[in-house]
1. Can you count the Lys pairs in region 399-575 with C-alpha separation below 24 Å, eight or more apart or on different chains?
2. Provide 500, 663, 110 in ascending order of the number of other Cβ atoms located within 10 Å of each residue's Cβ, fewest first.
3. What pairs in 107/683; 114/721; 341/707; 42/341 have C-alpha atoms more than 25 Å from each other?
4. Report for region 399-575 the percent antiparallel among DSSP-assigned beta bridges with both residues inside it, nearest 5.
5. For an R0 of 22 angstrom, estimate the FRET efficiency from the Cβ-Cβ distance between residue 149 and residue 220 and round to the nearest 0.05.
6. Remind me, what semi-axes does region 107-273 give for its equivalent ellipsoid, largest first in whole Å, using sqrt of 5 times each Cα gyration tensor eigenvalue?
7. How long is the gain from residue 688 to residue 557 if the chain were fully straight, where each residue apart is worth 0.36 nm and the alpha carbon distance is subtracted?
8. Can you say what percent of the DSSP beta bridges in region 40-107, counting only those with both residues inside, are antiparallel? Round to 5.
Amino acid sequence: MSTTKSKILAGVFLSAQLFAGIQTASAQPVPGGTLDPLTIPKYVTPLVIPPVLHDDAGAPMSVEVSVRQINQQVLPAGFPATPLWAYGDPANPATFNNPGFTIEVTKDTETRIKWTNELVADPAACVASIDPTNDPACNYLPHIVQDQNGVPIVDQTLHWAAPNQDCLDGVPRTDCRGASDQPYLGPIPMVMHVHGAHVGPGSDGYPEAWWLPAANNIPAGYATNGTFFESANGDDTANAIGKGYALDIYPNDQPTTTLWYHDHSLGMTRLNVYAAGAGFWMIRDDDPTTVGVDDDLETGVISGVLPGPAPRAGESAAALNTPGDPVRNAVREIPIAIQPKSFNADGTQYYPADRAFFEGLGTGGIFADNTNVNIPFLPQSTSDIAPVWNPEAFFNTMVVNGSTWPQLEVAPERYRLRFVNASDSRFLNLALFTLKKNGKLGDELPFYQIGSEQGLLPQVVEIRTGFATPLVAGAPLPKNPSQRLKGTFKQQGLLMGPAERPDVIVDFTGLPNGTVVRMINTGPDAPFGGFPDVPADPATTGQVMQFVVNSALANPAGDPSTPVNLLALDPNPGGVAKLGASNATRDLALLEEESALLCVTIDAVTGAITLDPNSVPPLCDPALGSVPFAPKAAVLGVAGSAGGQVQLWDDPISTNPQVGNIETWELWNWSADAHPIHLHLVKFEVVNRQVIGGAVRPPEPWEAGWKDTAIMYPGEVTRVKALFDVPGLYVWHCHILSHEDNEMMVPYCVGEPGVDCPAELF
């Protein structure tokens, strides 16, 4: 390791000490809205099983999916309903739900979705209006994420679509970094991204290809769509664009897997995803008559039957979600979307309005002397900190499939759970334990992971707290946990960074009737990976949901699924062989920019954080224990001898793979915490990991298949390899949404050899 890199790495770990001190000081419930999460009853609401919204049934499908504002019972009965945004079929208002219901598509069968922004006062009345240009039913709605005074907290100082604003670079346009410190009160842009889809640039959900609702009261001068809307929606120029909607086309030419759809609007993805949630997009096999793992036996090397059935097209939400209904009782494959939230007493969602939420900037916060730290925010010349942006937002109430701390009755059989971590910033680290009569945790049940973001793993991986063991098909299950392969991290369970999607089996076979199984979370209420492993608050965010074994739900003919140790998966997951040699290697960097306004000192023994009275910003002196406190942006860049050269959204594109090339990306994480990095367009292999200056180690057993999102640990380089096979403009970014919205996202362009990519496409 070079001297320069050694110094940088030392700074990384010093910053990690800072976060450790924060975690130690805040080992208590995460702050939030006016509703105390301890007053919310747990395990009284049945888990919602999302119905199938649309199913192509093996034939090309063309449908419409809209986003509307609704009131939904997220909190238990007796609490107020929660206003939020939801996805659904505009022809069937009963389908609007948060999270959205599942879209089922068939492998290699084209799907066309007309995504419609219906964030207006009364969508149905607006559509039926005889005078929509004057009907108040067609007035746009303000953003639903608001502060304690009912004011939307959309921040115009970040990259985002506020037209005709005073852009900081002096060029008035949409999609710029603004100079106003006032909240944006205009109509809300949306652009849909099917996360993990192998799709052309026109349908990928490029962040600057947003569109506004077809409202009648949009003020003069407002752009109705983003800079790249018309060009990005060019897959079908005759029908691809219109007022309030965009048509996207998905070939579904990838292994059967679990994808999800969510908004991707520039600079406000964190707010729109928090408000609107997401929905599952399941790619199934092209031959529904086959029987076997994931209905995918074409390679001839996969054997076994996975737990099923999943919810089917035509099954009503009422039948799927009425305890005791035969339709609900039969389900053995369930999508699980986890999205923590915080609430106010009136049922509304709480989102932090400023940096005081976690850091105490302006309120004293964590500082031992309770000093008020009043930092003037952008765009004032005395500050370099955006007013609304928080580095991370963790929230204090666990919401699963749209309900707080739900419960599911299960048969004493095997179940398939298809997870997505839909959190803003929270890493989940899940484990299953039986519950003793005294309320304490008993025996641990393993997760058997069979797949990740882009399809099946080559082997089933048994995951318990601290262990991850690839199973040999046909061999007995290991009986002694001490003999199992230890994972890299001592407290690791089923680990999920934001946007990661493990596909697992849970085996309830043999558990007595009435057994309670609790899903717990030890992922921290703080940034992950750069500090000691301090669990989440055990009374709130340390609990997720629970299962109760009900023998009456058992299949009379027995469980038809294959025991996990007899499942033989595909050594080439999804039937796709691993990639060959790379045509090129790119060194890229994960960085953090610190504010010059605030330095703190860290006690080496206690980790206590105090203001540094001797420092004159920006002259923080690490040798004296003084470090910058307030990050102003999480950023990406090109790796170099100084740690990295920052690449911002508006900078010239420097990452330009040639179409058809295989590239290895070396991702150097010089920041203080872990980042879940997502690459659009491609599925990739995790090649290896390496502590900077240390030994190379192989990928973890649960990431041995194809992925589209992977955790990059602090002080490490992670190498991934991908085939860039579709020309176009895409993005890669951190999926901590608070990071993505403040510079930790940049475009990349796949171009023809010798052709300038942006010029070719736009």
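1. Lysine pairs satisfying the spacing and distance rule in region 399-575 number 4.
2. In order of increasing Cβ crowding within 10 Å: 110, 663, 500.
3. Over 25 Å Cα-Cα: 114/721; 341/707.
4. 90 percent
5. 0.20
6. 27, 20, 16
7. 42.7 nm is the gain from fully extending residue 688 to residue 557.
8. If we restrict to bridges inside region 40-107, about 75 percent are antiparallel.
Throughout, read-outs are computed from the coordinates displayed, never taken from laboratory work. Quantities reported herein were computed from a predicted structural model and do not represent experimental measurements. Note that we place each Cβ from the backbone using ideal geometry, even for glycine, and neighbour counts take in every protein chain shown.
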